[in-house]
Amino acid sequence: MAWIILAGRLVAALIASAVVAMLTRRRRYAMVLVEQRTAELRGTLADLETAREAADVANRSKSSFLSRMSHELRTPLNAVLGFAQVLDLDDLDPNQQEAVDQILRGGKHLLGLINEVLDISRIETGDLALSSESVLVSDVVGETVDLIRPLADQRSIQVHADHHVCENIHVFADRQRLKQILLNLLSNAVKYNRLHGSVTISCARPDPTHLRIRVADTGPGIRGEQLGKVFVPFERLGAERTDIEGTGIGLALSRRLAEAMGGTVDLESVPGEGSTFWVELPLVEGPVERYERLRGDHTQPQAVSSTDERRQTLLYIEDNLANLKLVQRVVAHRNDVDIIPAMQGRLGLELATEHQPALILLDLHLPDIPGDQVLQELRSNCATASIPVVVVSADATLGQQQRLLSAGALAYLTKPYEVQELLRIIDEALTRSAGIREGLPTISLEQRGHS
């Protein structure tokens, strides 16, 4: 009996040993497979990383090439357009006039394309400068509609703007870039519309924190299989075979600009009925509304009266109407200051020479010329060289501030404004200006820590 038990245990031990050996072999085999798969995955990831780096290098090279080429093309093109405009001033016969008109029309079209390509390359390389702030939507919509009406009238297309829906609504955006997006959407809605059609621009809130500005047309619409190509650069969906002018880059640029401002551009379309494009951006509080709200939480600034009977003039060069209203509201606390508004840089230069203001508030992003160019011209003109200039901008980078202070700005004020700081800078700048007129020693704002 003992031998039987011993034999059974030996058999069980042998079976257990065989099972353990089999499991060990399978585990070893599994580990080899795991190591092989891991090595393959590492190789794949390394290949993907290499491919990604190569794509990044290629993308940067492409953007750099486009940027350089755009700059190189602008130089001879500016000469072509300049001399064509000189010829246009002469008394030309009909054939010559037609030739000059064709040169100007083609040159301006090419210049617009170069600018758009340059903008896209700047976005891709991260070099696009944006000045995002609170923008009154109805103000920008009204301007763009006024600009697009002549083109719409040529094509007998009615343009309707629902100003009431967009009233008193502000979005966070670069004002000039938002205007550029809306002009792209509106010009497309007019160009690709049917004869005697219509374009409607309206506003809607897809959620409590965003605003959607919609541009709807009554054109032929876009088929479903083409929707994915709408925002591809240089893709015109067959329109290149028609007489409709275009480059196929406007929508691609508009979407990238919107994304750079924290929004998006998209569309919906029904073939045979029309298309609706929209730009969606974050909602924000308006400057005046913010000022009124904060005024209830803090002591109001005291009105400042002047012992000097002469009133002083403040020139504010700013294209954002909401910011202009805010500064007018704030400066109302000084009863001896009049504000002269200028919504373009060139106009601001003319008004500065004509009125000789005691102080100039200068925004950097203007529709016609950059604010730093305005500052340069103010400083180089002996009639305006001594007028103190306070630069205002949404760009709070230290390098930007130092550059403009070195260029001759008295101080640099960032948006959104701190009202007490704005009043203090205005008071000190006006006091400084009065001291200069009377020949008194003054202390610069930089010395007092406001730069």
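What the table shows:
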quantity	calculated
Filter pass, VAL392 being closer than 28 Å to GLU289 by Cα, in a helix (DSSP H, G or I) and either modelled with pLDDT under 85 or outside the structural domain of GLN180 (by TED's automatic domain parsing) (or both)	no
Output for the range 153-197, where each listed residue is aliphatic (A, V, I, L, M) and within 25 Å of ALA129 (Cα to Cα)	ILE169, VAL171, ALA173, LEU178, ILE181, LEU182, LEU183, LEU185, LEU186
Residues of the range 189-206 classified as of a type outside the set (D, E, K, R) and in contact with a Gly (Cβ under 7 Å, 6 or more places away or on another chain), total	3
Test: residue in the range 120-132 that is buried (at least 22 other Cβ atoms within 10 Å of the Cβ) and not small (Gly, Ala, Ser)	no
Considering residues of the range 183-199 that are among the hydrophobic types (A, V, I, L, M, F, W, C) and either out of contact with any strand residue (DSSP E or B) (no Cβ under 7 Å at 6 or more places or on another chain) or outside the structural domain of GLN158 (by TED's automatic domain parsing) (or both) only, the residue surrounded by the fewest Cβ atoms within 10 Å (Cβ to Cβ)	LEU195
ASN188 vs. criteria over 16 Å from the mean Cα position of the chain (by Cα), over 24 Å from ASN78 (Cβ atoms) and part of a loop (DSSP other than H, G, I, E, B)	no
Qualifying residue in the range 353-361 (condition: in contact (Cβ under 8 Å) with a residue 60 or more places away in the chain, touching a helix residue (DSSP H, G or I) at 6+ places or on another chain (Cβ under 6 Å), surrounded by 14 or more Cβ atoms within 10 Å (Cβ to Cβ) and not in a helix (DSSP H, G or I))	yes
First in the range 144-156 and in the same structural domain as ARG177 (by TED's automatic domain parsing) and closer than 16 Å to THR218 by Cα, second anywhere and of a type in the set (D, E, K, R) and part of a loop (DSSP other than H, G, I, E, B), Cβ under 9 Å, 6 or more apart	none
Filter result for GLU418 (at pLDDT 85 or above and of a type in the set (Asp, Glu))	no
Lone unmet requirement of (1) surrounded by 18 or more Cβ atoms within 10 Å (Cβ to Cβ); (2) at pLDDT 90 or above; (3) closer than 16 Å to ALA409 by Cβ; (4) not small (Gly, Ala, Ser) for PRO341	(3)
Selected residue (only one of GLY228, GLY246 is at pLDDT below 75 and surrounded by fewer than 19 Cβ atoms within 10 Å (Cβ to Cβ))	GLY246
Long-range neighbours under 6 Å by Cβ, at least six apart or interchain, first residue under 13 Å from VAL145 (Cβ atoms) within the range 182-209, second small (Gly, Ala, Ser) and crowded, with 18+ Cβ neighbours inside 10 Å	VAL190/ALA152; VAL199/ALA189; THR200/ALA216; ILE201/ALA161
Cβ pairs under 6 Å, 6+ apart, first in the range 245-272 and part of a loop (DSSP other than H, G, I, E, B), second surrounded by fewer than 18 Cβ atoms within 10 Å (Cβ to Cβ) and at pLDDT 90 or above	GLY262/PRO282
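The values are calculated or read from the model by the stated rules, or taken from the named source; none is laboratory data. Quick caveat: nothing in here was measured; it's all calculated off a predicted structure. We place every Cβ from the backbone using ideal geometry, glycine too, and count neighbours over all the protein chains shown.
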